[in-house]
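Participant: Submitted below is the structure of interest, expressed as structure tokens.
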Amino acid sequence: MTLWQAIVLGVVQGLTEFLPISSTAHLRIVPALLGWDDPGAAFTAVIQLGTLVAVLLYFSTDIIAMTRGVLGGLRDGKPVGTPEAKMGWMVIGGTIPVVIVGLLFKKHIETTLRSLYVIAGAMIALAVVLIFAEWLVRWRQRQGHALREMKVLGWADAIIVGCAQCVALIPGSSRSGCTITGGLFLGMTRETAARFSFLLSLPAVFAAGIFELIKARHELLATPEHVHDLFAATIVSFVVGYASIAFLLGYLKKHTTWVFIIYRLALGGALLALLANGKLKAF
């Protein structure tokens, strides 16, 4: 790819990683629409490290508190003695399902599941599920039930949202979309569901990015141009991703996820139409 293409893909990654519209899908769709080659699962996983750094920086206070809590709890013989320590272990525990499923279905995730038919179906399917989640939030509010904040989340929440994250391994479903939807079904506020989603993504994104960088290093770092492209895409994804986090958290304080639902339905439908007319190829 050219440097310009790498920068465009970095912008796409940063914009879509945290919005519930699937970064993997857009990194597959945008090149297909522009007539570029598929950048591949390895490239996608590595430039996610840029958005990972954005999460680390944006939530640095929370992450430092969780790290200190976990280490302090281990030192004092009270692993979950503080809320910060408990949250740290919950993030780790919630990551286990996606690690297991990701390793079991790795080959399919990198090959057959990257079909644009799969992506279109996943875009539409999660939109439908998110509609039910939004309806449930409205129903709870009409019944006078208080929505849940970060401080009251427990182990069941971490495991259930962690299992929802497994669905995000299907391109087009969206990591944040799946975890936010899981959080809404569990009665969380939209902002809480998003914050927990971002924190839960840290171990999985870091592990996937490092694993793919090591495994595909000879291909990704084959020439100085390859290195420059990968570096440029990662840096751009970090800058745009940081802004995207700030936008989404602020947006969800006052708005529903309906704008993303409509976008997913429209994009999924448009993809199916383009595939049916032969304007796009599935692979």
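Participant: In segment 107-123, which residue that is assigned to a helix (DSSP H, G or I) and open to solvent by 50 Å² or more (accessible area, probe 1.4 Å) is nearest to LEU274 (Cα to Cα)?
Facilitator: Among those residues, the one meeting the criterion is TYR117.
Participant: Cβ-Cβ under 9 Å, sequence separation 6+ or interchain: first residue in segment 270-283 and farther than 13 Å from PRO31 by Cα and small (Gly, Ala, Ser), partner in a loop (DSSP other than H, G, I, E, B) and open to solvent by 70 Å² or more (accessible area, probe 1.4 Å). Which pairs?
Facilitator: What qualifies is ALA273/LYS279.
Participant: Something else about it: Can you find a residue in segment 35-53 that is under 26 Å from VAL259 (Cβ atoms), open to solvent by 50 Å² or more (accessible area, probe 1.4 Å), part of a helix (DSSP H, G or I) and at pLDDT 85 or above?
Facilitator: Looking for residues that are under 26 Å from VAL259 (Cβ atoms), open to solvent by 50 Å² or more (accessible area, probe 1.4 Å), part of a helix (DSSP H, G or I) and at pLDDT 85 or above, one finds none in segment 35-53, hence no.
Participant: Taking interchain pairs and intrachain pairs at least six residues apart, which have beta carbon atoms under 6 angstrom, with the first residue in segment 128-153 and among the basic types (Lys, Arg) and the second open to solvent by less than 40 Å² (accessible area, probe 1.4 Å)?
Facilitator: So the pair list comes out as ARG148/GLY187; ARG148/MET188.
Participant: GLY10 passes all but one of (1) in a helix (DSSP H, G or I); (2) open to solvent by 50 Å² or more (accessible area, probe 1.4 Å); which number fails?
Facilitator: (2)
The values are calculated or read from the model by the stated rules, or taken from the named source; none is laboratory data. Computed from a prediction, not measured in an experiment: that's the story for all the values here. Cβ: placed from backbone, ideal geometry, glycine included. Neighbour counts: every protein chain shown. SASA here: full protein model, heavy atoms, side chains in, ligands and nucleic acids out. Shrake-Rupley method; radii C 1.70, N 1.55, O 1.52, S 1.80 Å.
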